[in-house]
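See structure below.
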Amino acid sequence: MKPTPGNSSISNILSRCEHRSSSGRQCRTFTSDSDSRLCKRHALSLLRAQNAADITAFTGRLGSFETSEEVHAFLARLLALVAENRVAPRRAAVLAYICQLLLRTLAARQAELRAEDDADPPRLNFAGVMGSDPDPADAHTAPQTA
């Protein structure tokens, strides 16, 4: 297509998206402004890919969330990422809500762990019953009386 005088002024303002497919073909859509190199669709997909990479790097350092300190550290890092505009506010809200649920269940989980520690079976003490400490192998037999 030959550039015409009417189209040349428009093509100076609008340029084509610089995204290339895997086969090397260039996107045919125009960019939304003169400062952008990508059309809206490819700019959004690039932003999502960067956001996913940030989240992957962020979640790769996660702890086990078994203490409130670990949850607090996670929320502090999440706040920094939201402030830097590296995590979408909607995603941050979902992650913060999950942290809230973790904090609510943390006390119950710690109580369960304490109960498991307290539930150790009592050790039988045969001293004084038979006059001396019995052999543990003979503990299943009844003591004989004279």
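The values are calculated or read from the model by the stated rules, or taken from the named source; none is laboratory data. Nothing here was measured: the structure is a model prediction, and the numbers come from that model. Cβ atoms come from the backbone with ideal geometry, glycine included; neighbour counts cover every protein chain shown.
Taking into account only those residues within region 67-99 that are within 14 Å of the chain's Cα centre (by Cα), over 23 Å from Leu47 (Cα atoms) and not β-branched (Val, Ile, Thr), which is modelled with the highest pLDDT?
Once the filter is applied, the top-ranked residue is Tyr97.
List pairs: first residue in region 95-112 and surrounded by 10 or more Cβ atoms within 10 Å (Cβ to Cβ), second residue of a type in the set (S, T, N, Q) anywhere in the structure, Cβ distance under 7 angstrom, at least six positions apart or on different chains.
Every condition considered, the pairs that remain are Leu103/Ser68; Leu106/Ser68.
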